[in-house]
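The values are calculated or read from the model by the stated rules, or taken from the named source; none is laboratory data. Everything numeric here is computed off the predicted structure, so don't read it as measured data. We place every Cβ from the backbone using ideal geometry, glycine too, and count neighbours over all the protein chains shown. Accessible surface areas use protein heavy atoms only, side chains included; no ligands, DNA or RNA. Shrake-Rupley method; radii C 1.70, N 1.55, O 1.52, S 1.80 Å.
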Amino acid sequence: MLKMKVAKRLFSLYLEPGFSLQAFSSAVEALRLANEVLESEIYAWRVVTDDGHPVKSSCGLTISVDTSLKEERGLLGKMGSFPSVAVICGGSHPLSANRALHGWLRECRARKLCLVGIASGIFSIAQTGLADGRTCAVHWEQFPSFVEQFPNVAAVQSAYEIDGDTYSCSGGDAAFDMFVQFVIQDYDSLIANQVCEKAAAMRVRQPGDRQRLPPHAGAAIHHDGLLKIIEQMEKHLDEPVALEDMAASSCLSRRQVERIFSKQIGRSPARYYLEMRLERAHLLILNSQLPIVEIAMACGFVSASHFSKAYRENYEMTPREARSEAVERRRSEPAGRSVQHVAQDRHAAGRLRKHAQNS
């Protein structure tokens, strides 16, 4: 039997309504397999909801739970039941602010617990201000609205991030990768490798690894200069950078960049950059109440008419038609699953207006 190197870890897993079952099960499976490898119940978990009742996941399956948020908060500080990690398991839709949840998170941080945000769970942590100044991974679909709502958080589109005692991941199987890091920290890479072997995981991503390949790319991109240019495009969607400047910073000529884009992505650099900006605008249209003209300016378009024309050509509908469809979809969703809040949208709108005035 392997010698135990650390005391047992207890994870409090709070499930938001509509949480990602894939991400939740990936996280728990990493802990379960670690116990198998270690031949000891080193890692334990307790499932929590607001009222202690079963909660439905995004795919419709209902999960039974162990306790309510009120009871879980009462366990803080009690010997034998004191968790070391507080996890917020979200899904693809950020929820309305939850005062009880925020209070629990603040007390967890005061007691030096690690805070973990999975998928939209990072929104709940950010709403408390506890993620300010931290680097946090945000799912690419939620990224545009997150950065507008929480300017004090260093949001990135990576698979997962670990910044001190704040952990975050984009969701999906990235939760497995992130939870394996607990095993590496507590033991070593050898134990983690055995966990991955049991899970048939070919490779565990590292903090900062990309969530996804660049849109329209093939199975892989093998040119560092191309990846650097794409990263520059991602960072400057609001104020597009000239291709010559991006090429020079990657030690390439404009002609070389155009040839590499055509070969590996099948698009010109200009077309690809436009589609990236349109994708960000599309996500803001679907997931916020910001005025369309301000979304256009925030995505680097010089006029609303130019934006509307480009959007219609790409999505085969106008921005207003897309927003109307999104509103109708949200009306059919269960209560409490609003993607944005009016106060947050007004704050974001004010920041965008200021940006437009200064540009």
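Before moving on, here are some points about what is shown:
- Each Cα pair under 8 Å and six or more residues apart adds its sequence gap; the mean of these over the residue count of the stretch 1-103 is a relative contact order of 38 percent.
- Accessible area per residue for the stretch 234-275 is 59 Å², calculated with a 1.4 Å probe on protein heavy atoms, without ligands, DNA or RNA.
- The stretch 42-196, accessible surface, carbon-and-sulfur percent (1.4 angstrom probe): 50 percent
- Computed from backbone phi with θ = phi - 60° and the Karplus coefficients 6.51, -1.76 and 1.60, the 3J(HN,Hα) list for the stretch 30-38 is 4, 6, 4, 5, 4, 4, 4, 5, 7 Hz; x is used for glycine and proline.
- For the set LYS228/LYS263; LYS235/LYS309; LYS8/LYS78; LYS8/LYS70, the pairs lying more than 22 angstrom apart at their alpha carbons are LYS235/LYS309; LYS8/LYS70.
- From most to least packed by mean Cβ count within 10 Å, the peptides 44-55, 272-283 give 272-283, 44-55.
- For the pair GLU71 and ALA97, the difference between a 0.36 nm per residue extended length and the Cα-Cα distance amounts to 7.4 nm.
- Stretch gain in nm, segment LYS112-GLN232, where the contour uses 0.36 nm per residue and the Cα spacing is subtracted: 39.6 nm
- Chain lengthening between ASP245 and ASP224 when straightened (0.36 nm per residue, less Cα-Cα): 5.9 nm
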